[in-house]
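The values are calculated or read from the model by the stated rules, or taken from the named source; none is laboratory data. Just so it is clear, the model here is predicted, and its values are computed rather than measured. Don't worry about glycine lacking a Cβ; one is built from the backbone with ideal geometry, like all the others, and counts go over all protein chains shown. Note: areas computed on protein heavy atoms with side chains; ligands, DNA, RNA excluded. Shrake-Rupley method; radii C 1.70, N 1.55, O 1.52, S 1.80 Å.
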Amino acid sequence: MVGKHNDILRDGDYGVIFVDGDRWREHRRFALQVFRNFGMGRGLMEEKIQLELGFMFDELNEMIGTKKSITIEPSSIFEVTVANIINQLLFGYGYHQKEEKEKFSKMKDIVAKYMRMAVWPTINLGLSFTPLQYFPFIKPKYDDFLKTHNAIFNYCNEQIKMHQKNLSEIMSKNEPQDYVEAYLCEAAKGNEQFTEHQLAYMLFDFWVAGQETTANTIIFSLLYFLNNPKVQTKIYEELDTVIGCDRRITLSDKTSLIYVNAFINEVQRSVNLLPINLMHRTLNDVKVGGFLIKENSTITPMLSAILYDEKVFPEPRKFKPERFINANGELEKIDELIPFSIGKRQCLGESLARMELFLIISNFFNQYKLAPIDETNIPSLEKIPGLTVQPINFECKILKRF
Ligand code: HEM
């Protein structure tokens, strides 16, 4: 089924998310290698994240100015910051000028729409049983989905074209500065697997997978914070005791901020960002719980069943960061916390996402106070369904803590 969707949307099995076999193996390995070279999980990538965080704080501070607080819709600030980080990694630049931010804002809306539509039954019917795409109740939505898909693909292609203009310079340096450069250098060595079409869909997959996921988790962290006053007190107590107001939190603080880590874990568990995960294919006949699943079946291993398993997480619908702290006050590792999935297809961007979540969430709460506009009307935790769940737009007050 995925193969058929790929034929329609991608002219074949291209990219990394909906691909398996040799192409998937080679390109996943190459991407992980490039990410490692760029300092993923280490200082170099942290520097890039801290730099983008600095831009975000400058913008917020400018908005606050001498006012006591501002009332804003905070999502876009976080979305641009997360997009800048992934863009730096893939394309070597971020969106800092007004026009660039406006361009990104349009693309961001397109990606959000793509993620919502990707799980609509009408779209999947149209993709799976092609004659259905001409049915009047399916056609407009189906066409809209294709338009959305093509807009993201064209954006990725534009980035490749921009890099190709400087290809000889890139080759002469032999020190790629971003993923596209690294890929083009590999292609120039004559590796036939490294085609431009494959690159466009690698970028498509990274761009779609690397933005909404992290940005929505961070935005939900604000919502869980607003909805849980006791949690707010504990976070501020820990930040004041361990960090103070005079410096930026770095990755080296991670092990000291037990409650903040527990909070992020509980946000990821509660958000359950990819509730139905991604589709997988069985390579052999397998038996699960007494049921035979035939070779070549499409399956969706639902993360929800584990993240909301009450045997592991009692009262799963309650927001309780404490469930990740043991009797000795240490962070408790619970193996069933698997928001990035497990196994060979586990999230490729996990290290980057973990760094982003920790650095952005901890530093934001250390610098700013967040309050609802109306204490009797706290923004909703409701989720808009999609491949990744999305928060409902909301406004809140932001003020500086120090
Ligand atoms: C909070 C943030 C994130 C969450 C919760 C998340 C979660 C996931 C999940 C559940 C999967 C499916 C794994 C499976 O098929 O079993 C996945 C796959 C993937 N993610 Fe993430 N992700 C996040 C951030 C990112 C980032 C920042 C990137 C980009 C660098 C990324 C790139 C990918 C890719 C490329 C795949 C497909 C991997 C493959 O099929 O081999 N993700 N992610």
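Some points to look at:
- Per the conditions (1) open to solvent by 70 Å² or more (accessible area, probe 1.4 Å); (2) within 12 Å of the ligand (Cβ to nearest atom); (3) of a type in the set (A, V, I, L, M, F, W, C), the sole criterion not satisfied by LEU292 is (2).
- Taking each residue of the stretch 317-344 that is free of Cβ contacts under 8 Å to residues at least 24 places away in the same chain and within 28 Å of HIS27 (Cβ to Cβ) and looking for partners that are surrounded by 13 or more Cβ atoms within 10 Å (Cβ to Cβ) and of a type in the set (A, V, I, L, M) with beta-carbon atoms closer than 8 Å, six or more apart or interchain, yields PHE340/ALA353.
- Residues of the stretch 301-355 that are outside any loop (DSSP other than H, G, I, E, B) and either open to solvent by 30 Å² or more (accessible area, probe 1.4 Å) or under 27 Å from THR282 (Cα atoms) (or both): SER304, ALA305, ILE306, LEU307, GLU322, ARG323, ILE325, LEU331, GLU350, SER351, ARG354.
- Of the residues making up the stretch 370-387, those that are assigned to a loop (DSSP other than H, G, I, E, B) and in contact with a Lys or Arg (Cβ under 9 Å, 6 or more places away or on another chain) are PRO372, ILE373, PRO385, GLY386, LEU387.
- The set of residues in the stretch 130-160 that are open to solvent by less than 30 Å² (accessible area, probe 1.4 Å), of a type in the set (Ser, Thr, Tyr) and more than 17 Å from ALA118 (Cα to Cα) contains only TYR155.
- Flag for LYS68 being surrounded by 20 or more Cβ atoms within 10 Å (Cβ to Cβ) and of a type in the set (Lys, Arg): no
- Residues that are touching a strand residue (DSSP E or B) at 6+ places or on another chain (Cβ under 7 Å), more than 15 Å from the ligand (Cβ to nearest atom) and not in a loop (DSSP other than H, G, I, E, B), drawn from the stretch 272-289: VAL286
- Per this entry, ASP246 is counted among residues that are out of contact with any Ser or Thr (no Cβ under 8 Å at 6 or more places or on another chain) and modelled with pLDDT under 95.
- Residue that is farthest from TYR142 (Cα to Cα) [pool: residues in the stretch 77-104 that are out of contact with any helix residue (DSSP H, G or I) (no Cβ under 7 Å at 6 or more places or on another chain) and assigned to a helix (DSSP H, G or I)]: LYS98
- Test: residue in the stretch 112-121 that is crowded, with 16+ Cβ neighbours inside 10 Å and among the β-branched types (Val, Ile, Thr): no
- As a summary of the residue check, ARG248 satisfies the conditions (1) in a helix (DSSP H, G or I); (2) more than 28 Å from PRO379 (Cα to Cα) except for the one numbered (1).
- When residues in the stretch 161-207 are screened for being open to solvent by 80 Å² or more (accessible area, probe 1.4 Å) and among the aliphatic types (A, V, I, L, M), 1 of them pass.
- Subset of the stretch 356-402 (residues that are within 16 Å of the ligand (Cβ to nearest atom) and either open to solvent by 60 Å² or more (accessible area, probe 1.4 Å) or over 20 Å from ALA112 (Cα atoms) (or both)): PHE358, LEU359, ILE360, ILE361, SER362, PHE364, LYS383, PRO385
- Residues (within 17 Å of PHE358 (Cα to Cα), among the acidic types (Asp, Glu) and within 16 Å of the chain's Cα centre (by Cα)) located in the stretch 204-245: GLU212
- The one condition from (1) within 22 Å of the chain's Cα centre (by Cα); (2) within 23 Å of ALA215 (Cβ to Cβ) that GLU99 does not meet is (1).
- The C-beta contact set for the stretch 292-303 (first residue free of Cβ contacts under 8 Å to residues at least 24 places away in the same chain and more than 15 Å from ASN272 (Cα to Cα), second residue open to solvent by 50 Å² or more (accessible area, probe 1.4 Å) and acidic (Asp, Glu), distance under 6 angstrom, 6+ apart or interchain) comprises LYS294/ASP285; GLU295/ASP285.
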